[in-house]
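J.: Okay, here's the structure, questions in a sec.
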Amino acid sequence: MPRLTFGQMQLDSETQILSTPRGSVRLARNDFLVMQAIMRRNGRLASVSEIAEEVWQYPRNEPEFSNVAVRRSIKKLRGFMELTVGSQCAIRCERDCGYHLVNRQVVMEDVA
């Protein structure tokens, strides 16, 4: 699976680069793995523990560490996404459930 795509974003699994029409960034390993776990779901909800299990080999040994690490990565990813795709794509949080990607451009076209 060399590239994942969601809206205007592309994630290259070989180079760990997240690209958008307005720029690209090479993600740190854990940030890349978190983004990959979220993008693989293509907009479906992923709990923090599900993401942690994909990123770290033994997240249950230190659940608080892995939960905090997932949230930190998501915060960094949101910052980059805000700069490069603006409000078109975002990582959305459903309180006490998890995270998912939204593509507001598709939602706007569906309404029109």
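J.: If you go through segment 42-62 one residue at a time, do you hit one that is open to solvent by 10 Å² or more (accessible area, probe 1.4 Å), outside any helix (DSSP H, G or I) and touching a residue at least 60 places away in the same chain (Cβ under 8 Å)? Can you show your working first?
T.: Going residue by residue through segment 42-62, those that are open to solvent by 10 Å² or more (accessible area, probe 1.4 Å) are 42-45, 47-50, 53-62.
The next check asks that each one be outside any helix (DSSP H, G or I); those that pass are 42-45, 47, 56-58, 62.
Now drop any that are not touching a residue at least 60 places away in the same chain (Cβ under 8 Å), which leaves 43.
Looking for residues that are open to solvent by 10 Å² or more (accessible area, probe 1.4 Å), outside any helix (DSSP H, G or I) and touching a residue at least 60 places away in the same chain (Cβ under 8 Å), one finds at least one in segment 42-62, hence yes.
J.: Just to be sure before I move on: is residue 83 in a helix (DSSP H, G or I) and either of a type in the set (Phe, Trp, Tyr) or modelled with pLDDT under 85 (or both) in the structure I sent? Can you show your working first?
T.: Working: in a helix (DSSP H, G or I): yes; either of a type in the set (Phe, Trp, Tyr) or modelled with pLDDT under 85 (or both): yes.
Yes; evaluated as a whole, the condition is true for this residue.
J.: Might you let me know whether segment 52-60 holds any residue that is among the hydroxyl-bearing types (Ser, Thr, Tyr) and in contact with a helix residue (DSSP H, G or I) (Cβ under 7 Å, 6 or more places away or on another chain)?
T.: From segment 52-60, those among the hydroxyl-bearing types (Ser, Thr, Tyr) are 58; that's our starting set.
If we keep only those that are in contact with a helix residue (DSSP H, G or I) (Cβ under 7 Å, 6 or more places away or on another chain) as well, we get none.
No, because not a single residue in segment 52-60 is among the hydroxyl-bearing types (Ser, Thr, Tyr) and in contact with a helix residue (DSSP H, G or I) (Cβ under 7 Å, 6 or more places away or on another chain).
J.: Specify which of the listed residues (11, 18) is surrounded by 14 or more Cβ atoms within 10 Å (Cβ to Cβ) and free of Cβ contacts under 8 Å to residues at least 60 places away in the same chain.
T.: Numbers: 18 fails: free of Cβ contacts under 8 Å to residues at least 60 places away in the same chain.
None of the others qualify; the one that does is 11.
J.: So which residues in segment 70-83 are open to solvent by 20 Å² or more (accessible area, probe 1.4 Å) and out of contact with any Lys or Arg (no Cβ under 8 Å at 6 or more places or on another chain), if there are any at all? Please lay out each step first, then the result.
T.: Of segment 70-83, the ones open to solvent by 20 Å² or more (accessible area, probe 1.4 Å) are 71-72, 75-76, 78-80, 82-83.
If the condition is that a residue be open to solvent by 20 Å² or more (accessible area, probe 1.4 Å) and out of contact with any Lys or Arg (no Cβ under 8 Å at 6 or more places or on another chain), then 71, 72, 75, 76, 78, 79, 80, 82 are the ones that fit.
J.: Scan segment 22-41 for residues that are over 13 Å from residue 76 (Cβ atoms), of a type outside the set (Ser, Thr, Tyr) and open to solvent by 60 Å² or more (accessible area, probe 1.4 Å) and jot them down.
T.: Within segment 22-41, 22, 40 qualify.
The values are calculated or read from the model by the stated rules, or taken from the named source; none is laboratory data. From a predicted model like this one, the values you see are computed outputs, not experimental measurements. Methodologically, a virtual Cβ is constructed for each residue, glycine included, from the backbone with ideal geometry; neighbour enumeration extends over all protein chains shown. Surface accessibility is based on the protein's heavy atoms, side chains included, excluding ligands, DNA and RNA. Shrake-Rupley method; radii C 1.70, N 1.55, O 1.52, S 1.80 Å.
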